Amino acid sequence: MSKQAKILLVISGLFTLAMGLSNVFVNIFLWKKSNSFILIASYQLMHHIFVPITFIIAGWLSKKKNGIWSLRIGIFSFIIFFSGILLLRESITDYIYIFGILFGISAGFYWLSFDVLTFDFTSTKNRDTFNGFYGTIASATASIAPISAAYIIESSQDLRGYYIVFFISLVLFIIQIIVSFFIKTETYSTELAFKKILKKNTNDWCNFRRLILTWGLRDVVIIFLITILIYKTTGSEIALGKLTFIGAIIACGANLLEQKIIKPKKRLVSMHVGAIFLFIAIIGLVFEINYTFLVIYTIISSIFSPFFLIPIYSATFNILDYCGEEEYRIEYIINKEIMLDFGRLISTTILILLLSFVQHDRTLNYFLLFIGSAQIICLYFIRKIKIWDK
């Protein structure tokens with residue numbers, strides 16, 4: 001990999017460390033203050049509305065300048081986000097929509113830039129390797145961060161530990177801003193092609209869009225639900241931190257294994273195995289939401305998520321390479337993000353409606369079955385895409 005790709009991995013490592021420390025516990029902090037799934041889901045809903053909007057703005061800026069501008073704006077916006085939490089503290093629930101919007105804007109700028117720079121600094125020859133290293137670093141930092149944050153929180157009085165953790169994340173984002181000045185890339189000086197953002201484009205990309213929308217139904221929605229359910233079941237930040245640590249260590253090994261054994265000819269097999277076992281992981285929670293089934297879900301999901309997701313991450317860019325659409329990489333990335341967040345928006349809205357209007361003890365169980373089946377449906381669209389073995 002190039003020097004620029006390695007620096008991007010450093011920034012991504014600092015980012016996942018900062019988010020690993022705080023992102024899980026922002027949701028727990030909100031849960032402790034509100035005891036409401038609906039409030040946290042509404043916070044998530046704001047993310048999913050504003051991320052694709054921000055992607056378009058960040059894409060326009062990146063085409064005019066380059067991906068570094070969006071990267072720095074995204075990181076700086078996260079600095080504002082955590083500064084706001086530290087200033088408002090327990091009053092954050094009164095401004096939940098504003099913080100949801102701010103997080104969505106921050107994530108939009110950051111991830112548009114990360115995707116664009118990943119494309120620029122990698123090729124079809126080393127993209128799986130980059131994504132494998134990225135997944136390994138993300139899993140490693142995700143294993144260290146939550147359990148460290150949990151010990152800080154539980155060893156501190158009242159909510160002081162939360163504020164210490166949020167402050168550490170703030171410092172890590174400031175370091176990322178500094179590291180970003182070591183990345184160099186060309187200025188694009190081109191116009192954003194809005195038709196490419198809205199069109200289905202090539203046949204392979206059309207099926208990829210459907211695949212991404214379907215995956216969005218599950219994606220981050222299941223992560224925040226499982227996090228809250230672990231804390232609700234155990235009542236302990238340490239228990240949540242330990243389980244997150246175990247899952248991240250397993251995922252780290254699984255990312256390394258996937259990188260070693262899954263070559264282009266085996267991508268389809270890898271995704272089928274991953275999808276099936278991700279469905280198996282959720283079955284226990286359909287019958288009963290308890291700590292045992294949450295542990296089983298965490299272990300199985302940690303092992304098999306990389307086998308499903310790494311080939312999909314690589315496909316985002318490989319399709320562009322093989323269709324000769326590299327100059328429209330930003331438009332295609334925005335196109336993908338709109339579909340992904342549309343899927344997230346659908347499932348989060350369904351969750352809010354179910355919790356608001358359906359008074360049934362097993363509402364969450366059935367909802368978990370619904371979103372936990374998304375990757376099985378994805379297989380239908382995966383089989384229609386023709387670039388997996390290239």
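Quick look at the values:
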| read-out | value |
| --- | --- |
| Residues that are buried (at least 23 other Cβ atoms within 10 Å of the Cβ) and among the hydrophobic types (A, V, I, L, M, F, W, C), drawn from segment 16-27 | Leu17, Ala18, Leu21, Val24, Phe25, Val26 |
| Qualifying residue in segment 211-218 (condition: assigned to a helix (DSSP H, G or I), out of contact with any Cys (no Cβ under 9 Å at 6 or more places or on another chain) and exposed (fewer than 15 other Cβ atoms within 10 Å of the Cβ)) | no |
| Exclusive hit being under 30 Å from Ser155 (Cα atoms) and either in contact with a Leu (Cβ under 8 Å, 6 or more places away or on another chain) or of a type in the set (S, T, N, Q) (or both), set Leu229, Leu213 | Leu229 |
| Members of segment 181-226 found to be among the hydroxyl-bearing types (Ser, Thr, Tyr) and under 21 Å from the mean Cα position of the chain (by Cα), listed by number | Thr214 |
| Positions within segment 148-164 being aromatic (Phe, Trp, Tyr) and farther than 18 Å from Ile92 by Cα, in sequence order | Tyr151 |
| Complete set of residues in segment 153-162 that are surrounded by fewer than 16 Cβ atoms within 10 Å (Cβ to Cβ) and either in contact with an Asp or Glu (Cβ under 6 Å, 6 or more places away or on another chain) or in a helix (DSSP H, G or I) (or both) | Glu154, Arg160 |
| Residue among Ile75, Ile144 that is surrounded by fewer than 18 Cβ atoms within 10 Å (Cβ to Cβ), under 26 Å from Trp31 (Cα atoms) and under 20 Å from the mean Cα position of the chain (by Cα) | Ile144 |
| Those residues of segment 332-390 which are assigned to a helix (DSSP H, G or I), more than 28 Å from Ile289 (Cβ to Cβ), touching a residue at least 12 places away in the same chain (Cβ under 8 Å) and not aliphatic (A, V, I, L, M), in sequence order | Tyr332, Asn335, Lys336, Glu337, Phe381 |
| Candidates Ser91, Ser70, Ser83 - the one that is surrounded by 21 or more Cβ atoms within 10 Å (Cβ to Cβ) and assigned to a helix (DSSP H, G or I) | Ser70 |
| Extreme residue, surrounded by the most Cβ atoms within 10 Å (Cβ to Cβ), among residues of segment 191-202 that are assigned to a loop (DSSP other than H, G, I, E, B) and at pLDDT below 80 | Asn201 |
| Residues (under 20 Å from Ile57 (Cβ atoms) and in contact (Cβ under 8 Å) with a residue 40 or more places away in the chain) located in segment 74-105 | Ile75, Phe76, Phe78, Ile79, Tyr97, Phe99, Gly100, Ile101, Phe103, Gly104, Ile105 |
| Evaluation of Ser123 against (1) buried (at least 20 other Cβ atoms within 10 Å of the Cβ); (2) outside any helix (DSSP H, G or I); (3) of a type in the set (Ser, Thr, Tyr) (one fails), failing number | (1) |
| Where Phe25 falls short, out of the listed (1) assigned to a loop (DSSP other than H, G, I, E, B); (2) within 20 Å of the chain's Cα centre (by Cα) | (1) |
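For (1) buried (at least 22 other Cβ atoms within 10 Å of the Cβ); (2) under 16 Å from the mean Cα position of the chain (by Cα); (3) within 24 Å of Lys232 (Cα to Cα); (4) among the small types (Gly, Ala, Ser), each residue gets a yes or a no:
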site: Val295; (1), (2), (3), (4): no, no, yes, no
site: Ser301; (1), (2), (3), (4): yes, yes, yes, yes
site: Tyr313; (1), (2), (3), (4): no, yes, no, no
site: Ile330; (1), (2), (3), (4): yes, no, no, no
site: Thr348; (1), (2), (3), (4): yes, yes, yes, no
site: Ser373; (1), (2), (3), (4): no, no, yes, yes
site: Ile382; (1), (2), (3), (4): yes, no, no, no
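A quick yes/no check of all residues on (1) buried (at least 21 other Cβ atoms within 10 Å of the Cβ); (2) out of contact with any Ser or Thr (no Cβ under 9 Å at 6 or more places or on another chain); (3) under 14 Å from Val51 (Cβ atoms):
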{"site": "Phe304", "(1), (2), (3)": "yes, yes, no"}
{"site": "Ile319", "(1), (2), (3)": "yes, no, no"}
{"site": "Cys323", "(1), (2), (3)": "no, no, no"}
{"site": "Glu327", "(1), (2), (3)": "no, no, no"}
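Table: residues versus (1) modelled with pLDDT under 95; (2) on the phi > 0 side of the Ramachandran plot; (3) surrounded by 15 or more Cβ atoms within 10 Å (Cβ to Cβ).
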| site | (1), (2), (3) |
| --- | --- |
| Lys260 | yes, no, no |
| Lys263 | yes, no, no |
| Lys266 | yes, no, yes |
| His272 | yes, no, yes |
| Phe279 | no, no, yes |
| Phe287 | yes, no, no |
| Tyr291 | yes, no, no |
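The values are calculated or read from the model by the stated rules, or taken from the named source; none is laboratory data. Everything numeric here is computed off the predicted structure, so don't read it as measured data. Methodologically, a virtual Cβ is constructed for each residue, glycine included, from the backbone with ideal geometry; neighbour enumeration extends over all protein chains shown.
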